[in-house]
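The values are calculated or read from the model by the stated rules, or taken from the named source; none is laboratory data. Quick caveat, the model's predicted, so the values are computed rather than measured. Reconstructed Cβ throughout: ideal geometry from the backbone, glycine too, with neighbour counts over all protein chains shown. We work out accessible area using only protein heavy atoms, side chains counted, and drop any ligands, DNA or RNA first. Shrake-Rupley method; radii C 1.70, N 1.55, O 1.52, S 1.80 Å.
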Amino acid sequence: NGQEFIGFATLPEQVHRKSVKRGFDFTLMVVGESGLGKSTLINSLFLTDLYKERQIPTGQSLVEKTVSIEKKTIEIEERGVKLRLTVVDTPGFGDAVNCEECWKSVERYVDEQFNKFFQDESGLNRKNIQDHRVHCCLYFVPPYGHGLRQMDVEFMRRLHRKVNIVPVIAKSDTLTKSEIIKLKSNIMNDIETNKIKIYQFPECDSDEDEEFKQQDRELKASIPFAVIGSNCVIEVAGKKMRGRQYPWGIVEVENAAHCDFVKLRTMLISTHMQDMKEVTQDIHYENFRAQCISQMQQVALKERNKLKRESAANFDTVGDADKLLQQKDEEIRRMQEMMRQMQEKLKESGKDPAKALSLEKLDWMLQDA
Ligand code: GDP
């Protein structure tokens with residue numbers, strides 16, 4: 001029966017084709033002190049060399065360093081799908097001797113991106129908005145502590161309502177297995193006691209297959225991901241892989257028994273990229289927008305009240321102006337009367353009144369004055 005098939009079953013395909021054509025944007029921010037392996041990890045994740053011309057900070061610059069923001073965009077393509085990936089680095093974060101307010105420039109940056117999007121959205125060219133909002137913030141916790149430090153807590157508390165924070169343990173090859181387990185549990189405890197809301201993985205749909213559910217459980221249980229990065233490709237048993245070669249052996253970046261690198265990559269790129277974008281749009285950006293609108297309303301209200309007050313005050317001035325006008329009219333009338341009398345006298349003395357100043361002309365001159 002031809003009627004049973006109208007054709008809208010191709011809708012997913014249409015959506016798919018359109019978004020593939022447009023390409024995808026994703027902005028990832030990395031935060032943590034220099035030397036924690038941020039750039040190495042990014043290079044390992046996206047198989048690029050994003051930081052070729054980078055300058056390593058010197059001792060002096062570390063003392064007075066302020067946090068700066070560095071943005072790099074690359075376009076990567078995989079099976080015809082284009083991804084515009086922007087990596088935002090925060091060189092200088094936590095490097096200064098006094099780094100109490102490290103979070104400030106990061107917060108400013110995140111807000112600026114929201115604000116830009118808000119302006120674009122209310123502007124005329126809404127179709128071609130470029131989305132530079134930060135969709136995910138990888139926060140690097142150093143491996144040598146016992147949990148979160150004060151500055152980590154401070155940063156997360158300042159930013160958890162604005163961006164999806166995914167904490168990772170940097171350079172986890174420097175820790176033993178049991179040390180990693182302990183550090184992970186301490187970090188999660190610190191997150192809970194400080195009421196920090198890191199990126200929440202969505203519930204797994206109940207109709208997913210068992211394998212997917214298992215993967216999802218493992219993913220959630222691994223947070224914060226203990227990661228290792230490497231810029232070197234090493235050959236192990238004839239297979240090339242990214243790894244770190246030590247005198248006592250090789251650490252393989254992509255080996256799940258060695259670290260959570262693959263889990264992080266899977267989550268960040270294959271399974272949760274879209275969800276992080278949606279959370280950014282629906283929760284973080286909505287929060288920002290609601291705040292903006294309520295601020296605008298308050299400003300408008302103040303402005304209206306000010307206008308009201310001003311116009312009330314103006315009534316008095318209007319009263320004064322009226323009085324002035326009345327006085328002036330009075331004066332003009334007196335002068336007109338004087339002129340009329342003078343003309344009368346001229347007429348009486350026999351001179352031609354037409355040559356004398358006419359009453360109308362005088363009137364007009366006075367009014368003009
Ligand atoms: P960034 O300043 O945070 O971007 O750190 P880099 O990526 O420049 O790394 C600083 C140093 O740490 C380099 O010598 C890296 O080779 C090394 N490194 C990077 N990742 C790891 C890691 O996972 N484990 C270990 N042990 N060293 C790492």
The one condition Cys136 fails out of (1) touching a strand residue (DSSP E or B) at 6+ places or on another chain (Cβ under 6 Å); (2) open to solvent by 10 Å² or more (accessible area, probe 1.4 Å) is (2)
Q) Any residue at all in segment 222-235 that is aliphatic (A, V, I, L, M), modelled with pLDDT of 95 or more, under 27 Å from the mean Cα position of the chain (by Cα) and more than 16 Å from the ligand (Cβ to nearest atom)? A) no
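For every residue, the table says whether it meets (1) at pLDDT below 95; (2) under 19 Å from Asp111 (Cα atoms); (3) in a loop (DSSP other than H, G, I, E, B); (4) more than 25 Å from the chain's Cα centre (by Cα).
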site	(1), (2), (3), (4)
Lys127	yes, no, no, no
Phe155	yes, yes, no, no
Lys184	no, no, no, yes
Ile191	no, no, no, no
Phe201	yes, no, yes, no
Asp205	yes, no, yes, yes
Subset of segment 163-182, residues among the aliphatic types (A, V, I, L, M), surrounded by 20 or more Cβ atoms within 10 Å (Cβ to Cβ) and not in a strand (DSSP E or B), comes to Val163, Ala170
Of the candidates Lys347, Lys355, Lys351, Lys361, the one satisfying the condition of being at pLDDT 65 or above and open to solvent by 80 Å² or more (accessible area, probe 1.4 Å) is Lys347
Within segment 235-266, residues free of Cβ contacts under 8 Å to residues at least 60 places away in the same chain and outside any strand (DSSP E or B) come out as Ala237, Gly238, Pro247, Trp248, Glu254, Asn255, Ala256, Ala257, Val262, Lys263, Thr266
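How many residues are of a type in the set (Val, Ile, Thr) and either more than 21 Å from Leu268 (Cβ to Cβ) or free of Cβ contacts under 8 Å to residues at least 24 places away in the same chain (or both) when one looks only at segment 1-35?
So the count comes out to 3.
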- [ ] Could you please let me know if Ser222 is in contact (Cβ under 8 Å) with a residue 24 or more places away in the chain, polar (S, T, N, Q) and under 18 Å from Ile165 (Cβ atoms)?
- [x] yes
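Report, by residue number, each residue of segment 5-32 that is part of a loop (DSSP other than H, G, I, E, B) and surrounded by fewer than 18 Cβ atoms within 10 Å (Cβ to Cβ).
Phe5, Ile6, Gly7, Gly23
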(Q) So, Ser178, is that one within 17 Å of Tyr144 (Cα to Cα) and either aliphatic (A, V, I, L, M) or out of contact with any Asp or Glu (no Cβ under 7 Å at 6 or more places or on another chain) (or both) or not? (A) yes
Among residues of segment 33-47 being in a helix (DSSP H, G or I) and more than 6 Å from the ligand (Cβ to nearest atom), the residue farthest from the chain's Cα centre (by Cα) is Ser44
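Do the conditions hold for Glu107, that is, is it closer than 23 Å to Met296 by Cα and within 10 Å of the chain's Cα centre (by Cα)?
Details: closer than 23 Å to Met296 by Cα: yes; within 10 Å of the chain's Cα centre (by Cα): yes.
For Glu107, the condition - closer than 23 Å to Met296 by Cα and within 10 Å of the chain's Cα centre (by Cα) - is met.
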Reported set for segment 259-275 where residues are open to solvent by 70 Å² or more (accessible area, probe 1.4 Å) and at pLDDT 90 or above is Gln274
